[in-house]
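**Student:** One structure is given below, represented as structure tokens, and several questions about it will come after.
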Amino acid sequence: MRLNEQTVVVLGGTSGIGLATACAARDAGARVVVTGRDAERLERARATLGDGARVQRLDATDEAGTRTLCEELGSIHHVFVTAGQLVLDGRLAPATDELRPALDTRFWAALYAAKFAAPHMPAGGSITFMSGTAGRRPLPGAAVASASCGAVDAFARALALDLAPIRVNTITPGYVDTPLFDDILGAARDQVLADAAARLPVGRIGQPEDIAHAVLFLMQNGYVTGINLVVDGGGLLV
Ligand SMILES: NC(=O)c1ccc[n+]([C@@H]2O[C@H](COP(=O)([O-])OP(=O)(O)OC[C@H]3O[C@@H](n4cnc5c(N)ncnc54)[C@H](OP(=O)(O)O)[C@@H]3O)[C@@H](O)[C@H]2O)c1
């Protein structure tokens, strides 16, 4: 179940869940390629992943850039797309242009990754899209972001047939302690996460490594395709 000599691409891999997955793939023997937009995060990821990793500035919604990266790599075994954007949209009040990124980022990043990586992937290679529990249980005030999760779930199931024998899945994390919450919650972060942990059957918030472990399972188990793997500490039950 090692990933020796395999190329693992994480689009949105300079922080949080993506970076933890890149570290886990590296530790399993893979050559890792991670992308992101922010220069500081790119530098930190480079330092974390070490010399063997390719760390590249690329917006996952950049179609031409995604195509070029895939062509340059030539051979790709596994792709994980984490890029997504949460836009708060209570009663759909924001202007439509402000709502668009909540759907566009997650969906089109997934489509470009699949479209341009698949021709370079072997049978049994895998593509994993980032979904979220909001695709199953709506996140109040984030209807468009909830729809984006449903969109990639349905897209992955369809591609699992259309791109076979390449495997395509989605992963649905519950609350995971990442820098994402610094921006969204600000000073309320620790209290909100502590309250969430107290409600969960497992009694704690997820760590990025919990999700990375599950993404590696999707990469390594050649019999898994077309599924949505929920890793949420039992959050959907309560
Ligand atoms: N944390 C959670 O509880 C949780 C739960 C369910 C789902 N998710 C989803 O998981 C994904 C990752 O979240 P995280 O918690 O790991 O957050 P994070 O620590 O903020 O990491 C997000 C990563 O994605 C990159 N990224 C974002 N937009 C991008 C774009 N357009 N192009 C390229 N890279 C992009 C970021 O780098 P740059 O910003 O520098 O580009 C960063 O490397 C998100 O889609 C989020 O909605 C998170």
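Rule-based calculations on the coordinates, nothing more; no lab input. All of these numbers come straight from a predicted model, not from anything done at the bench. All Cβ positions, glycine included, derive from the backbone under ideal geometry; neighbour counts span all protein chains shown.
**Student:** What's the extension gain from A158 to D183 if we count 0.36 nm per residue and subtract their Cα-Cα distance?
**Tutor:** Values: separation 25, 0.36 × 25 = 9.00 nm, distance 3.36 nm.
Between A158 and D183, full extension yields 5.6 nm more.
**Student:** Chymotrypsin sites (Phe, Trp or Tyr not before Pro) within the stretch 146-238: which are DSSP loop residues with at most 10 other Cβ atoms inside 10 Å? Present the calculation step by step, with values, prior to reporting the outcome.
**Tutor:** Numbers: sites: F155, Y175, F181, F217, Y223; in loops: Y175, Y223.
Answer in residue order: Y223.
**Student:** Also, I was wondering about something else. What's the ranking of 32-38, 113-119 by average number of surrounding C-beta atoms within 10 Å, highest first?
**Tutor:** Working: 32-38: 23.6, 113-119: 19.9.
The densest-packed peptide leads the list: 32-38, 113-119.
**Student:** Could you tell me the distance between the Cα centroids of the stretch 96-156 and the stretch 13-47, to the nearest Å?
**Tutor:** One Cα centre to the other: 20 Å.
**Student:** Could you list the residues of the stretch 163-178 with an amide nitrogen less than 12 Å from a label point located 7 Å from the Cα of R199 in the Cα-to-C-beta direction?
**Tutor:** Taking a point 7 Å out along Cα→Cβ of R199, the residues of the stretch 163-178 whose backbone N falls under 12 Å are 175.
**Student:** Search the structure for amide H atoms under 5 Å from the amide H of V34, placed 1.01 Å from N in the peptide plane, and list their residues when 5 or more places away or on another chain.
**Tutor:** Correct list: V10, R54, V55, Q56.
**Student:** For labels at D97 and F217 in the simple 7 Å Cα→Cβ model, what's the distance in nm?
**Tutor:** Simple spin-label model gives 4.4 nm for this pair.
**Student:** Here is a follow-up. Where a ≥ b ≥ c are the square roots of the eigenvalues of the C-alpha gyration tensor, would you call the stretch 1-77 rounded, which needs a/c under 1.5, or, failing that, prolate if a/b is larger than b/c, or oblate? Intermediate values should be presented prior to the final figure.
**Tutor:** On the way: a/c = 1.94, a/b = 1.14, b/c = 1.70.
In terms of gyration-tensor shape, oblate.
**Student:** Let me ask another. Work out the P(r) tail for the stretch 76-159: percent of alpha carbon pairs separated by more than 18 Å, whole number.
**Tutor:** Numbers: 1492 of 3486 pairs.
Counting every Cα pair in the stretch 76-159, those more than 18 Å apart make up 43 percent.
**Student:** Would you please classify the overall shape of the chain from the alpha carbon gyration tensor, given that a ≥ b ≥ c denote the square roots of the eigenvalues, rounded means a/c under 1.5, and beyond that prolate means a/b larger than b/c while oblate covers the rest? The partial results should precede the final answer.
**Tutor:** Working: a/c = 1.42, a/b = 1.35, b/c = 1.05.
Here the chain falls in the rounded category.
**Student:** Let me ask something else. If you take every DSSP beta bridge fully contained in the chain, what fraction is antiparallel? Give it as a percent rounded to 5. The partial results should precede the final answer.
**Tutor:** Numbers: 0 of 27 bridges.
That works out to approximately 0 percent antiparallel.
**Student:** From the square roots a ≥ b ≥ c of the eigenvalues of the alpha-carbon gyration tensor of the stretch 164-223, which class results: rounded (a/c under 1.5), prolate (a/b over b/c), or oblate? Don't skip to the answer; put the middle values down first.
**Tutor:** Values: a/c = 3.50, a/b = 2.24, b/c = 1.56.
Prolate, since a/c reaches 1.5 and a/b exceeds b/c.
**Student:** Between L237 and Q191, what is the label-point separation in nm under the 7 Å Cα-to-beta-carbon projection?
**Tutor:** 3.0
**Student:** Test of understanding: in a Gaussian network model of the chain with alpha carbons linked when under 10 Å, which of L58, L88, L73 would top the mean-square fluctuation ranking?
**Tutor:** Answer for the Gaussian network model of the chain: L73.
**Student:** What list of ³J(HN,Hα) values in whole Hz, one per residue of the stretch 226-238 in order, does the Karplus curve 6.51 cos²θ - 1.76 cosθ + 1.60 (θ = phi - 60°) give from phi, with Gly and Pro shown as x?
**Tutor:** For the stretch 226-238, the Karplus-derived couplings read x, 9, 10, 8, 8, 10, 9, x, x, x, 6, 8, 10 Hz, x marking Gly and Pro.
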